[in-house]
Structure formats: structure tokens, C-alpha cells
Amino acid sequence: MISLLAGFAGVSLVRSLWSTYERMQGIVDLAHWLAFVVIASTIFRSFNDWKLFFSVNLGVCTLVSVLGIGAHFDLWESNLIGSSTRIQSTLGNPTYVGAYTMVNLMIALGMAFHTWYTRRESEPRSVVRRRRRRASQRPEGASEWQIWLHTFWITSAGVNLWALWLTGTRGAYVGMVACAITFAGIYLMWGAPDVLKKASYAIVGVSAAGIIFFGLARSTTALDPLVDASFTLRRVTQVSLTDASIKGR
């Protein structure tokens, strides 16, 4: 609704509706996403349905990330993948790759955490015993399949994180840190299992360390050798209101 009102109040209604050929992020695009969510929610009714859907989505994103990473290190070359300091892959724009990989990184981690630790401390012992009994009655192949699925999710998260780093997309980094801190806080407040609580503390600690590093890199010269060795670190630490990309926005 906010986008619709902003579109009608904008400079160009046509541009608000359709955006540009490159970005295609207008109101019509948002309407398609809304329709997609409504249709998906009526088709995928169980967690197993969503697990299959998200796993296929992660497979596609992992392939896109691998293509971009390979092109970055000159393992292959194609006009469809693009070539620049910041990876573009098949999306043609590092900013899109950054947003795409950031979202799928969170999906991969969420899938792994959700299915790895399904038992909560507040569950009755009878429920835990029934779950263990059902698990013992499953065929051995089903357990192996779950192991491979978890391995795929963790691998996908690692590949997407690597691709996200190589995009140099600062907005995606901010979004990743914000999502990590938000979900870590939710896990801590809502009584997640002990292992997830420890992981949440670690996430908050790593995020705080990253923020401190950012502040030190901008205010001192002690970290210049480390920053100068990485294009991504230079982009992150040298952001300012005079930056060309900031002015453009």
C-alpha cells in the first residue's frame, strides 16, 4: 500500500508502475510477488513442501553463486556472466547478486537450524520419546538423506556467503548484519535450545566485532594494510555521503 501511494505521488506514474528495463522493481513487480506468495501459500501446505521448495531455490542460487565466483577467479568466461571486480553472475548487476545471495544465505541457515534442533527444552518427555521412537523406525536411507540435505544447506550457506562478499554490496552487508542480530535476539528471547542460544550469542558477538572493526578502520590507520588488501573492505570502510553511489540515491 505504501509503494502504491508513493507511486501515484511520484514524478512519473509509468516509471512507478514499471520501473526501468534493468531494475523492473515497480508496482507491477510487487503485485506479481504478492500473487506469487498467495499462490505458493495455497500450494505448499506442510513444512516438507516448503523444505522442497526452498531446497530447489537454494540449488539455483548456489549455481548462480558458483558461476559468479568462477568468473571472478577466471575459471571460465562468458558474456552471460559478466566480468568485473565485483561479481555479476547471470544477474548482470553486483547489487542484485548481493541481495539475492543475502536472502538465500538466511534461508539456508534457517532451514538448517530449524530441522537440526526441532526439540525444545519445554517439550514433555513423552513427546521426546515418541519422536525418538519414530526416528528409530525410519529406514536407514531416510536418515542418510537428511544428512545429505543438511550438508547441502550448510554448503549453500557457505557458497552464498562467499559470493555475497565478492559482490561488494554494502547494503546487503547491512541487511545481513541486521537480520543476524534480529534473529539471534528472537532465539534468545523465545527460549531456543541451548545450542542455538550459544550460536545466537556468537552471532551477536561477531556482529559487534564487525561494527567495532568498521569504526576502527575509519578512524585509525593501523588497519590500513588489511583494508587495502581487500576490495570489499575498502568499499565498506570508505563509504561516505560524498560517494558516487550514495549521491545517486
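The values are calculated or read from the model by the stated rules, or taken from the named source; none is laboratory data. Fair warning: this is a prediction, and the values are worked out from it, not measured in the lab. Backbone-built Cβ (ideal geometry, glycine too); neighbour counts: all protein chains shown.
Select from region 21-42 the residues that are of a type in the set (Ser, Thr, Tyr) and either under 21 Å from the mean Cα position of the chain (by Cα) or more than 27 Å from Gln88 (Cα to Cα) (or both) and list them in ascending order. Across region 21-42, the qualifying residues are Ser41, Thr42. Looking for something touching a helix residue (DSSP H, G or I) at 6+ places or on another chain (Cβ under 6 Å) and over 26 Å from Arg234 (Cα atoms) - is there at least one such residue anywhere in region 84-96? Checking region 84-96: not a single residue is touching a helix residue (DSSP H, G or I) at 6+ places or on another chain (Cβ under 6 Å) and over 26 Å from Arg234 (Cα atoms). Taking the criterion of being under 31 Å from the mean Cα position of the chain (by Cα) and assigned to a loop (DSSP other than H, G, I, E, B), the residues of region 3-20 that qualify are Gly10, Ser19, Thr20.
With respect to the conditions (1) surrounded by 14 or more Cβ atoms within 10 Å (Cβ to Cβ); (2) touching a Ser or Thr at 6+ places or on another chain (Cβ under 8 Å); (3) in the same structural domain as Gly158 (by TED's automatic domain parsing); (4) of a type in the set (Gly, Ala, Ser), Gly70 lacks only one, and its number is (2).
Picking from residues in region 143-174 that are polar (S, T, N, Q) and in contact (Cβ under 8 Å) with a residue 24 or more places away in the chain, the one that is nearest to Gln88 (Cα to Cα) is Thr167. If you check Ala178, Ala208, Ala217, Ala184 for being in contact with a helix residue (DSSP H, G or I) (Cβ under 6 Å, 6 or more places away or on another chain) and over 21 Å from Thr85 (Cβ atoms), only one passes: Ala184.
Comparison of Ala31, Ala71, Ala40, Ala35 shows that the only residue that is more than 19 Å from Gln146 (Cα to Cα) and in contact with an Asp or Glu (Cβ under 9 Å, 6 or more places away or on another chain) is Ala71.
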